[in-house]
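All of the numbers you see were taken from the coordinates with simple rules; none came from a lab. Quick caveat, the model's predicted, so the values are computed rather than measured. Neighbour counts are summed over all protein chains in view; Cβ atoms, including those assigned to glycine, are modelled from backbone coordinates with ideal geometry.
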Amino acid sequence: MLGFMFKQAQTTLTIHAQGRGFTNFTRELQSWVAAQGIQTGVVTLFVQHTSCSLIIQENADPDVLTDMETFMNDLVQDGHPDFLHRDEGDDDMSAHIRMALTNVSLNIPVIHGKAALGIWQAVYLYEHRYMPMRRQVLLHIVGE
Amino acid sequence: MLGFMFKQAQTTLTIHAQGRGFTNFTRELQSWVAAQGIQTGVVTLFVQHTSCSLIIQENADPDVLTDMETFMNDLVQDGHPDFLHRDEGDDDMSAHIRMALTNVSLNIPVIHGKAALGIWQAVYLYEHRYMPMRRQVLLHIVGE
Amino acid sequence: MLGFMFKQAQTTLTIHAQGRGFTNFTRELQSWVAAQGIQTGVVTLFVQHTSCSLIIQENADPDVLTDMETFMNDLVQDGHPDFLHRDEGDDDMSAHIRMALTNVSLNIPVIHGKAALGIWQAVYLYEHRYMPMRRQVLLHIVGE
């Protein structure tokens, strides 16, 4: 396994989030990984924003996503009277906090040419703003 | 430091979690890293599940783990009446939320052939289900 | 893009945290990345402690950091009477919990010789102890 065949690739996925909630982009991720011709390696995901997150959650029962949002909505109060940063509305500061409690980057090993997610795992953009947003997720893969 | 000697390796660690709580697998991680013959690089850990987490915590006082669980148990109510997803019991949805608030992947630089943890750091699988579970943690290392 | 030119580098940034709060080290990160001569790749950040975190947050309005701390202070009670681990004071166990809820490692793609942060993103060390602390952040870059 000497590294003569190592290679890397990068791209940007643009995700159109329909306001607060989850957008499953597992298919787009796997399509891009498959197209790079790397059988063994690791893929890095990174979101270039401070009001949305990357999250891995169950891919089967949509109630999981509903309950996740119920919990986060209860944990991080929109428009909390103690918050100073409120230029863009009640969802401004709460979005930054939600992002800090979840993930800005993820790393997934690549096995047999695919991001090696477990059978119940999907990758979501978790949008925290109320309004529809256009979000950039960087992908980087290295391997051979 | 041209990359003629770059190599990578992957494996799956199987962790037998004894129900909710922490399993320290630092020794298994370091043994595998040491066996790959890579002095300088980076190791990625990824757990293929949605009801347990990877977490780095103190390795000295077991009270830290007890208090961490006390906190999480209070933060994420098992069997919360507002949760819709409850097919597998009171710890079903709470496990998904605990996982979202902690980590599914970790990255640790490799220095002198070891994952470069700080002296107080250990790597744990944090199981969120009540029942004993068999969990898969993927390891990927790249370096030279 | 065959990997004949792949290289990697590592360093340790020492960050002097002035007690609980945020230290922006984006400039130090970008300076080091730029000096490695890697145009395309990925940089890993890893903090070797269990009482501080790495966090990406907004770089514009300092109120965001104030509000983030207001939230965390309310979420994780210092000196909670249920905590057993209190050897080093009221901020001992709460620091470990804050760290578990945020990040110990981050991965950022490198594009055109820079860590590809979004225009509103900065990288902070988030110190959770009251006292000034000297913290070690490991950096690892691989690419070409």
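The figures follow:
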quantity	calculated
B:His112-A:Asn24 FRET efficiency (beta carbon distance; Förster radius 45 Å; 0.05 resolution)	0.65
Order by protection proxy (mean Cβ within 10 Å, highest first), peptides B:67-80, A:78-91	B:67-80, A:78-91
Proxy reagent accessibility, fewest Cβ within 10 Å first, across B:Phe25, C:Phe6	B:Phe25, C:Phe6
Other copies of A:Asn24: label-to-label distances in nm, shortest first, labels 7 Å along the beta-carbon direction	4.0, 4.0
Counted charge near C:Arg20, where neighbours are those whose Cβ lies closer than 10 Å (Asp, Glu -1; Lys, Arg +1)	-2
Charge dipole (segment C:1-138, unit charges on Cβ, about Cα centre) - positive-most of C:Leu65, C:Thr50, C:Ala34	C:Ala34
Between segment B:70-144 and segment C:108-144, the Cα center-to-center distance that results, in Å	23 Å
Stokes-Einstein translational diffusion, the protein assembly as shown - Kirkwood Rh over all Cα pairs, 1.567 mPa s, 4 °C, in µm²/s	60 µm²/s
Coordinate range along principal axes, alpha carbons of chain A, Å, largest first	58, 31, 22
Electrostatic dipole magnitude of segment A:2-144 [Cβ: Lys, Arg +1; Asp, Glu -1; Cα centre; debye, to 20]	780 debye
Radius 15 Å from Cβ of B:Val110, net charge of other residues (Lys, Arg +1; Asp, Glu -1)	+1
Kyte-Doolittle mean at least 0.5 and Cα axial length at least 24 Å: DSSP H helices in chain C	none
Shielding of B:27-33 by partner chains, average beta-carbon count, 10 Å	0
Cα lying deepest toward the dipole's positive end in the protein assembly as shown, options C:Gly21, B:Ala116, C:Gly79, charges on Cβ	B:Ala116
Shielding of B:103-114 by partner chains, average beta-carbon count, 10 Å	6
Position A:Pro81, label points 7 Å along Cα→Cβ, spacing to each other copy in nm (shortest first, one decimal)	2.6, 2.6
Rule-of-thumb Rg ratio for segment B:19-69 [Cα; 2.2 N^0.38 Å; N residues]	1.38
